[in-house]
Structures are given as C-alpha cells and as structure tokens.
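Visitor: Here it is: the structure, laid out below.
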Amino acid sequence: MNAQPRRVEHQQTDKGTVPIYTTAVVEQPWSSYSREDHATWATLFERQQRILVGRAAREFLENQRKFGMTPHAIPKFDELNRLLTRATGWTLIGVEGLLPELTFFEHLANRRFPVTWWIRRPEQIDYISEPDLFHDLFGHVPLLLNPVFADYMQAYGQGGVKAHGIGAQALTNLTRLYWYTVEFGLIKEDAGLRIYGSGIVSSKGESIHCLESPAPNRIAFDLKRIMRTRYRIDTYQKTYFVIDSYEQLMRATAPDFTPIYAELAELDSIPAGAVLPTDVVYHRGTGEGWAADGDV
C-alpha cells in the first residue's frame, strides 16, 4: 500500500489533454478529506438524488439506500465493503487515478472494484475528464450489490484480460461494450426507460439528456452492434443502448468473443449517431420500441 496517496489527473499540453496512468493501490485517507471535499460530495449527492427520481433504475436507487449513502459525509470504503463483500464477494479498493487497461481488467476479474480516492474540486462540479470518487462510488458501486450485475462485471474483467492478449482491435470492441453498458446504459423497466449506467447517473446533464432530449438514439441491446459503434468522451452521447434485464448482459458474456472479434475486424465501425435499418429504436417517452426500417 502507498501510505501517501497522490491525486493523479490528466495533464494539459499544447497538443491537448493527456491521460496519466497509475497502478498504485492505496488506503482511503478518509481523515484527510477537507470540509470542502465533504461539501462537494454533498452538493453532487443531493443534486443527483433529486434528478434521478423517476429516471434511475429502481435497483440502483434501492441499493444506494442499502449502502446507507447520505450527503452528510464521503462514505468510507471499509464500511461499504462490509456489506458488499458479504453480498456479492466484491471489494472496493482505493486507487490514485486512471488505471492501465490490463491492471483494470485484472482487478475486475478478481472482483475488486477500483475507486479513485479523491473527489473533484468545486470548479469541476459539472464536468471532470476522468473518474473521481463521486463517479465511482455514487455511480458504479450500488449495482455491485446485484449478484447478476456483479457477475457480469467479473466476466467483463476476465474477457478484458483475454482481449488484451489478442490485440488492439479486440480491446476497442470490448471497450465499446463497457462504455455502452456499464457507463452509459439504459434499462427497460415496467415504468419505461431508466438509467443504470454510471456515467449517466453521476452527471446532471446526461441524466436529463438521455431520457428527455429528442436528439439521441435509444437502441435495443445488440452485442455486435455495440462493439462496432464509436463514441465520444467530450459530449453527451448520440446513442444509448437499452437492455431488457441484467441477465441479458450476463448472457451476452457467455460466448467466446474470439470469433466475434475476427468477424468484426472485417466490418467498418459505425458512427455514434447512426441508426441502422435493423435497429430497434425506443421512444423516449413511452419506452416502446419499433424497427428503424418501419416494420413493427
């Protein structure tokens, strides 16, 4: 363990933003959080709690309550781990910032979820380019109490270790799957479309945009379609993919992806905002779907 955890963020250069990676696993320095840190957590927590009513997946909100998360103080990793490890065998570990791909995959494959120990600064309230403590704890951790989703995350990590040995294109395909499910996924519930992706539930603007804006496409989950679809990290998403259940995600990880990677290597990637004739597109208000080519 690193006794003096660092705050590792991107660097701004004359060529743009450059990500900085770190592999250190650190103890959460909870006693060193400032009053400003706790206030930032409270501001973000209370804002998202209001926005997510009627927007977030039912189980996300229920599990957040089970963890006892409140706006009063930044949660302690060890307290969350008492419940999480008992429920699904996962453990939260502290990290200093962005992890290299293989390191990240190896943690997930061993049911360890990396949480950045530091929280964004007040001037970063509305946007930060890398995951911070709020994104990781508020956005990711609640669904790790769901046994099926927890298994999906481990299977994803195992697939990532394998893809890392196959090559860059396989990693690109797999990264898109994470992006469009774990980070920016929607789920169809009885009440309509709801948010489960951490990149959405931790963002005020994206929480509203993904369900209420007429601009983005909301397309039924399709593994190969997702793996071919490009995305942007510096703007709201142009496309969201909708799952029927967390079991659907788990089933998608069952096949060996090696032949899928080989098949996709022969196909062009798909622009983020494109709609294909074979897509099933969901209406933003009702959650009803229809085929993009007009056939129901």
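The values are calculated or read from the model by the stated rules, or taken from the named source; none is laboratory data. What you are looking at is a predicted structure, and each value in this text was computed from that prediction instead of being measured. Note that each Cβ is placed from the backbone with ideal geometry, even for glycine, and that neighbours are counted across all protein chains shown.
Visitor: Consider segment 6-33. How many of its residues are more than 21 Å from Leu108 (Cα to Cα) and touching a helix residue (DSSP H, G or I) at 6+ places or on another chain (Cβ under 9 Å)?
Guide: The qualifying residues number 2.
Visitor: Mind checking which residues of segment 184-206 are under 25 Å from Gln124 (Cα atoms) and either surrounded by 20 or more Cβ atoms within 10 Å (Cβ to Cβ) or of a type in the set (A, V, I, L, M, F, W, C) (or both)?
Guide: Phe184, Gly185, Ile195, Tyr196, Gly197, Ser198, Gly199, Ile200, Val201, Ser202, Ser203, Glu206
Visitor: Separate question: Which one is farthest from Met227 (Cα to Cα), of the residues in segment 122-164 that are modelled with pLDDT of 95 or more and among the small types (Gly, Ala, Ser)?
Guide: Ranking the qualifying residues of segment 122-164, first place goes to Gly139.
Visitor: Quick check on segment 163-192: of everything there that is among the charged types (D, E, K, R) and either closer than 17 Å to Arg111 by Cβ or part of a strand (DSSP E or B) (or both), which residue is farthest from the chain's Cα centre (by Cα)?
Guide: Ranking the qualifying residues of segment 163-192, first place goes to Glu189.
Visitor: Determine whether Arg35 is surrounded by fewer than 20 Cβ atoms within 10 Å (Cβ to Cβ), charged (D, E, K, R) and under 29 Å from Glu212 (Cα atoms).
Guide: When the stated conditions are applied, Arg35 does not pass them.
Visitor: Further, regarding this structure: Suppose the filter is over 17 Å from Gln28 (Cβ atoms), surrounded by 13 or more Cβ atoms within 10 Å (Cβ to Cβ) and not hydroxyl-bearing (Ser, Thr, Tyr); does Pro75 pass it?
Guide: Here the answer is no, as Pro75 does not meet what is asked.
Visitor: Let me ask another. Do we have any residue at all in segment 143-151 that's under 25 Å from Pro19 (Cβ atoms) and without any contact (Cβ under 8 Å) to a residue 60 or more places away in the chain?
Guide: Within segment 143-151, none of the residues are under 25 Å from Pro19 (Cβ atoms) and without any contact (Cβ under 8 Å) to a residue 60 or more places away in the chain.
Visitor: Sticking with this structure for a sec: Could you say which residue among Lys204, Lys238, Lys188, Lys224 is among the basic types (Lys, Arg) and within 25 Å of Gln158 (Cα to Cα)?
Guide: Lys224
Visitor: Take segment 63-85 and flag every residue that is over 19 Å from His135 (Cβ atoms) and free of Cβ contacts under 8 Å to residues at least 60 places away in the same chain.
Guide: Those that are over 19 Å from His135 (Cβ atoms) and free of Cβ contacts under 8 Å to residues at least 60 places away in the same chain: Arg65, Gly68, His72, Asp78, Glu79, Arg82, Thr85.
Visitor: Can you find, within segment 89-131, the residue that is nearest to Leu171 (Cα to Cα) among those that are aromatic (Phe, Trp, Tyr) and in a loop (DSSP other than H, G, I, E, B)?
Guide: It comes out as Trp90.
Visitor: Separate question: From the set of residues in segment 113-133 that are touching a strand residue (DSSP E or B) at 6+ places or on another chain (Cβ under 9 Å) and surrounded by 17 or more Cβ atoms within 10 Å (Cβ to Cβ), which is farthest from Trp41 (Cα to Cα)?
Guide: Taking the candidates together, the pick is Phe113.
Visitor: Do any helices (runs of 4 or more DSSP H) lying entirely in segment 207-288 carry at least 3 residues that are crowded, with 18+ Cβ neighbours inside 10 Å and under 18 Å from the mean Cα position of the chain (by Cα), and which ones are they?
Guide: Where helices (runs of 4 or more DSSP H) fall fully within segment 207-288 and carry at least 3 residues being crowded, with 18+ Cβ neighbours inside 10 Å and under 18 Å from the mean Cα position of the chain (by Cα), they are 223-228, 246-252.
Visitor: Another question, then. Kindly indicate which of Arg7, Arg47, Arg86, Arg65 is part of a helix (DSSP H, G or I), farther than 26 Å from Cys210 by Cβ and not hydroxyl-bearing (Ser, Thr, Tyr).
Guide: Exactly one of Arg7, Arg47, Arg86, Arg65 is part of a helix (DSSP H, G or I), farther than 26 Å from Cys210 by Cβ and not hydroxyl-bearing (Ser, Thr, Tyr), namely Arg86.
Visitor: Could we say that Thr17 is over 14 Å from Gly97 (Cα atoms), at pLDDT 95 or above, surrounded by 13 or more Cβ atoms within 10 Å (Cβ to Cβ) and β-branched (Val, Ile, Thr) here?
Guide: no
Visitor: For segment 158-166, indicate whether the set of residues that are without any contact (Cβ under 8 Å) to a residue 12 or more places away in the chain and not aliphatic (A, V, I, L, M) is non-empty.
Guide: Yes - at least one qualifying residue is present in segment 158-166.
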